[in-house]
Amino acid sequence: MATKLKIRVNEHVHEVSGSRDTPLLYVLRDELHLIGPRFGCGLAQCGACSVLLDGKELRSCVTPVAAVAGKSITTLEGLPALWARKRKSAGAAQELHPLQQAWIDVGVPQCGYCQSGMMIQAADLLSTTKNPTEHRIRVAMNGHLCRCGTYPKILTAIKRAAAVMAKEERA
Ligand code: FES
Ligand code: FES
């Protein structure tokens, strides 16, 4: 059934139209032009489409847009503002999230297709677990697939970001 819905994405409220059953991923990419989340399997199996829903990782390819009305969605594009809010520093909203910076510093991506979902999952992990053990990181990232085999660099980048976040949150 076609309808209009209001959804909150990266702290902006958008009115979207179409079927209530349309996958959130399609709305993000096709209507809001947020291209961080990617279409991979379309079956909740790979994690390329992951976003945060009220801070928790969500597979947007299998989530009807109507299910997120009134909730807060964060995509890769919204991570800098999320980090700025956590630091209560509006002036820092233009800075990359420590995970994004670590990804660059470590040189994680190869083709890059999976990397938005990887950073989103890592953001979920680090929002609740400061300085996670390697085992904890491996468990958290287990449901995300990378055809290019960037897993060792992802591990390194998450540890690096965790250290930066712990240090800045203490400051
Ligand atoms: S595209 Fe959503 S999990 Fe693969
Ligand atoms: S970097 Fe290519 S699929 Fe992960």
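The values are calculated or read from the model by the stated rules, or taken from the named source; none is laboratory data. The model shown is predicted, which means the values in this text are computed figures rather than measured ones. So basically every Cβ, Gly included, is an ideal-geometry build from the backbone, and we count neighbours across all protein chains shown. Areas reflect the complete protein model, heavy atoms only, side chains present, ligands, DNA and RNA absent. Shrake-Rupley method; radii C 1.70, N 1.55, O 1.52, S 1.80 Å.
Based on the mean of other beta carbon atoms within 10 Å per residue, what is the order of 95-105, 128-138, 143-153, most packed first?
95-105, 143-153, 128-138
Taking only C-alpha pairs under 8 Å that are 6+ residues apart, what is the relative contact order of region 6-77 in percent?
About 41 percent, as a whole number.
Among the aspartates and glutamates, which have Cα under 12 Å from the Cα of residue 86 when same-chain residues fewer than 8 positions away are ignored?
Output for residue 86: 168, 169.
Using only alpha carbon pairs under 8 Å that are at least six residues apart, calculate the relative contact order of region 79-170 and give it in whole percent.
Averaging sequence separation for qualifying contacts and normalising by length gives 33 percent for region 79-170.
For region 79-170, what is the charge dipole size about the Cα centre, in debye to the nearest 20, if Lys and Arg each add +1 at the Cβ and Asp and Glu each add -1 at the Cβ?
200
Using +1 at the Cβ of each Lys and Arg and -1 at the Cβ of each Asp and Glu in region 79-170, identify which of 127, 82, 99 lies farthest towards the dipole's positive end.
The one lying farthest along the dipole's positive direction is 127.
State to the nearest 20 debye the size of the charge dipole of region 6-77 about its Cα centre, where the only charges are +1 on K and R beta carbons and -1 on D and E beta carbons.
140
Only Cα pairs under 8 Å and at least 6 apart count here; give the relative contact order of the chain as a rounded whole percent.
On the way: 289 pairs, mean separation 36.5, N = 171.
Worked out over the chain, it gives 21 percent.
For region 79-170, which whole percent of the accessible surface, found with a 1.4 angstrom probe, sits on carbon and sulfur atoms?
The computed percentage sits at 54.
Using the Cα centre of the chain as the reference point, and only Cβ charges (+1 on K/R, -1 on D/E), how large is the resulting charge dipole? Debye, rounded to the nearest 20.
400
Normalise the Debye intensity by I(0) for the chain, one equal point scatterer per Cα, no solvent, then take log10 at q = 0.11 Å⁻¹ and round to two decimals.
At q = 0.11 Å⁻¹ the computed log10 ratios are -0.44.
Quick one: which of 4/130; 6/56; 88/130 span more than 29 angstrom between C-alpha atoms?
Correct reply: 4/130.
Per residue, how many Å² of accessible area does region 75-164 show with a 1.4 Å probe?
Averaged over the residues of region 75-164, the accessible area is 50 Å².
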